[in-house]
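As structure tokens, the structure follows; a few thoughts come after it.
The values are calculated or read from the model by the stated rules, or taken from the named source; none is laboratory data. Note that the structure is predicted; figures quoted are calculated from it, not measured. Cβ placement follows ideal geometry from the backbone for every residue including glycine, while neighbour counts extend to all protein chains displayed. The area values use the complete protein model at the heavy-atom level, side chains included, leaving out ligands, DNA and RNA. Shrake-Rupley method; radii C 1.70, N 1.55, O 1.52, S 1.80 Å.
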Number of protein chains: 2
Amino acid sequence: MRARVFVTLKPSVFDPQGTMVAEALHTLGYAAVKDVRQGKYFELEIDARTPDEARRIAAEAADKLLANPVIESYRIEVEASSAGAAA
Amino acid sequence: MRARVFVTLKPSVFDPQGTMVAEALHTLGYAAVKDVRQGKYFELEIDARTPDEARRIAAEAADKLLANPVIESYRIEVEASSAGAAA
């Protein structure tokens, strides 16, 4: 089962990488891009019986390793590869 | 309008960062996590009239700046902030 984990800096945390990307896009002529936030993205292939179990494992991995809970927040999406998922 | 750009290494490209994350998770006891791929995630706030226009701008930004098309592929999701989007 595949879980996607999106890790982003909390809105209150300054994101210099995103700011630089926005400035580079302005230089390239994309003035329509007002703001950029950069984050990390993980695809986990998890051996789990239910989507709920995969989500629980992904959340623990995010808490312990993938995200820094002081400055980052995360969001998880579970994609049931074959079986029709209930959750 | 908010566009999300997910940049991942192409499946044929070796992902040492993802491999290290998977090994670290195994060390922490998460043997159920079989494989990890790491990527980048961008949230662009775009001043566009339609979701299609926002998607076009995000795709150009990804082609020119956010992704390296030789080794990376990207996926775009556009989230219409207020108006009911047609696409």
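Extents of chain B, largest first, come to 48, 28, 17 Å (Cα atoms, principal axes, whole angstrom). Over all other residues within a Cβ to Cβ distance under 10 Å of A:Ile76, the charged ones net out to +3, with Lys and Arg as +1 and Asp and Glu as -1.
Which links in A:Lys40/B:Lys10; B:Lys10/B:Lys64; A:Lys34/B:Lys34; A:Lys34/B:Lys40 stretch past 28 Å when you go from one Cα to the other?
Values: A:Lys40/B:Lys10 16 Å; B:Lys10/B:Lys64 17 Å; A:Lys34/B:Lys34 39 Å; A:Lys34/B:Lys40 19 Å.
Listed pairs above 28 Å: A:Lys34/B:Lys34.
Closest approach of any chain A Cβ to the axis that rotates A onto B belongs to A:Tyr41, 2, distance given in whole Å. Sorted shortest first, the separations between the B:Lys34 label point and its copies elsewhere in the assembly read 4.4 nm; each point sits 7 Å from Cα along the Cα-to-Cβ line. Solvent-accessible area of region B:2-79 (1.4 angstrom probe, protein heavy atoms only): carbon and sulfur portion equals 54 percent. Relative to the other identical copies, B:Glu45 shows label-point distances of 3.8 nm, where the label point lies 7 Å from Cα along the Cβ direction and values run shortest first. Local charge for B:Ala22 was computed over the other residues whose Cβ lies under 10 Å away, with Lys and Arg +1 and Asp and Glu -1, and equals -2. With label points defined 7 Å past Cα in the direction of Cβ, position A:Ser73 shows copy-to-copy spacings of 3.1 nm, given to one decimal and shortest first.
For the pair B:Val70 and B:Asp35, label points projected 7 Å from Cα toward Cβ lie 2.4 nm apart. Electrostatic tally near B:Val33: other residues with Cβ closer than 9 Å to its Cβ, Lys and Arg +1, Asp and Glu -1, net -2. How high is the relative contact order of chain A, in percent, counting Cα pairs under 8 Å that sit 6 or more residues apart? Value for chain A: 48 percent. Legend: mean number of C-beta atoms from other chains within 10 angstrom of residue C-beta atoms, peptide B:24-30, equals 4. Put simply, the amide H of A:Asp35, placed in the peptide plane, has neighbours under 5 Å in B:Glu45, leaving out anything fewer than 5 places away on its chain.
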